[in-house]
Amino acid sequence: MKTIAIGLLGYGTIGQGVIKLLQKNARLIEDRLGARLELAGVADPDLTRPRQVKVAKRLLTRDPFRLVRDPKIPLIVELVGDWPGVKELILAALRAKKSVVTANKALLAKHGAELFAEAEKQGVDIYYEASVAGGVPIIRVLREGLIANRIQAVYGIVNGTCNYLLTEMSQGRGDFQTILQQAQAKGYAEANPASDVEGHDASHKLALLIRLGFGVPIRLSQIYREGITALAPADFEAAAEFGFAIKLLAIAKLKDGRVEARVHPTLIPAGSLLADVGGVFNAVYVVGDFVGPTLYYGRGAGMDPTASAVVSDLMELARNYLRGEPGRRLPSGSFQDSRPQKLRVMPQPEVLTQYYLRMQVRDQPGVLSKISGQLAKENISISAVVQRGRGGKTAPIVMLTHTASEAAMEKALKRLNRLAVVQKPIQRIRIETAL
Ligand SMILES: NC(=O)c1ccc[n+]([C@@H]2O[C@H](COP(=O)([O-])OP(=O)(O)OC[C@H]3O[C@@H](n4cnc5c(N)ncnc54)[C@H](OP(=O)(O)O)[C@@H]3O)[C@@H](O)[C@H]2O)c1
């Protein structure tokens, strides 16, 4: 039986998951491939740390370039995370004519264009199934399964940490900080959670989904981003009263020949499928012009689900390799790499949505008309208002608006926040009803 040598860079959480899967499912992989995937080396700067998953000592090295340069290794798996030299490492592998599997969404979102171009030049591949939604094979869905469709919209719950925090808040388990600390204690949130809770991680994943779904090589600065740190228990209670759940959504929509690109907390109908995606789970809802709405759901992170995606990429590359095609069976996106689409990204001020506004106002006559008056100046009309109890001299008011542009809402909010009757900065959350 043929053997294909694999070089693994990074003996961390996912690296160990990959080793475990290659060991545990070795027979199944052999049966399916007709060849053996053999770990030829594992590189990591720290070889002394105790690991859950063991590997023969002779395979270990501190030098990732040793594996990248080894002519006997045709396939490289990069799982080193945010080490600053990672781009050079992948470029070195590509230039040595090796195909690369990576789960590194941050790297691909920032340097994907350069890396994919190098892969094309060298006639090899970069596969990245694990970089979005962990074990959920959403890259293959967009690259292959829905390739005949014009993608109209993508809505993703793609950050498990945020979804866990929001699920806990929706169940009345406490405020953001309390729940974050509990999640950190349970290992569901990083010690430094900024990349997750500020929406950076979700926007990296959205950049990849947009490239696949719409053929647009988007810059991160073109994606509007807002995290979940300002959400309060009162928002979940009010949203539920209006029949909504709150999720951090990564949204890309085709509208009048342009693509909306945004990551922010979003009110979605409580009865929608995405509203039921709880805890650390991920889901991506994709609408194609022929297929209609489709939904992909599963574990978006963790050692085993992510290893499932990484090894599925390895097996695909191994199949190509066995056929004598070291790369380029599929373009790196869903479009021809050499012909990026002409679509433009819609500037956020032009995006149209409905809004939820929660405010603390002085409890006195005429307040509502002052507020609706300011909104009316920007042509924003109110579709529902609730006064939620009374707190002495102030009263909490929650309102939903009809569709308005982001620019109009920004102007209205500036004016409203200046009114003497408004006691605290107004909480604004966008609403998506099409789910
Ligand atoms: N964790 C998840 O659930 C998940 C899900 C999807 C995608 N991913 C992606 O998968 C990748 C790996 O994540 P992870 O959770 O496995 O991270 P991790 O546990 O921190 O593992 C990374 C490993 O790479 C090592 N490393 C650092 N620099 C290296 C170098 N120059 N050469 C070789 N190894 C090096 C690190 O060593 P030191 O610790 O000694 O620095 C660490 O052992 C990341 O890109 C991440 O975004 C992770």
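For region 50-143, compute the number of Lys pairs whose alpha carbons are separated by less than 13 Å, excluding pairs fewer than 8 positions apart on the same chain.
Value for region 50-143: 6.
In what order do THR48, THR102 fall by count of nearby beta-carbon atoms within 10 Å, going from fewest to most?
Starting with the residue having the fewest Cβ neighbours, the order is THR48, THR102.
Below 8 Å between Cα atoms, with a sequence gap of 6+, how large is the relative contact order for the chain in percent?
Across the chain, relative contact order equals 16 percent.
Which lysines, if any, have their Cα less than 21 Å from the Cα of LYS255, not counting same-chain residues under 8 positions apart?
LYS205, LYS342
For region 51-202, divide the Cα radius of gyration by the Kirkwood radius and give the resulting Rg/Rh value with two decimals.
The Rg/Rh ratio comes out at 1.04.
Can you sort THR401, THR266, THR13, THR433 so the residue with the fewest Cβ neighbours within 10 Å comes first?
Result, fewest neighbours first: THR433, THR13, THR401, THR266.
Tell me which lysines have Cα within less than 29 Å of LYS370's Cα, excluding those fewer than 8 residues away on the same chain?
LYS393, LYS411, LYS414, LYS424
Do any GluC sites (Glu not before Pro) in region 98-204 lie in a DSSP loop with no more than 14 other beta carbon atoms within 10 Å, and if so, which?
Passing sites in region 98-204 are GLU190.
What is the order of LYS253, LYS377, fewest Cβ neighbours within 10 Å to most?
Fewest-to-most Cβ neighbours within 10 Å comes out as LYS377, LYS253.
When the Cα centres of region 276-295 and region 34-54 are compared, how far apart do they sit, in Å?
That distance is 35 Å.
Take the alpha carbon gyration tensor of region 124-165, find the square roots of its eigenvalues, order them as a ≥ b ≥ c, and report rounded if a/c is under 1.5; if not, report prolate when a/b exceeds b/c, else oblate.
Note, shape of region 124-165 comes out oblate.
Between ARG211, ARG388, ARG225, which gets the highest mean-square fluctuation from a Gaussian network model of the chain, Cα cutoff 10 Å?
Sorting by GNM fluctuation, first place goes to ARG388.
Bear in mind that the values in this text are calculations on the coordinates, not laboratory data. These numbers were taken from a predicted model, which means no experiment stands behind them. As a convention, Cβ positions derive from the backbone with ideal geometry for all residues, glycine included, and neighbour counts pool all protein chains shown.
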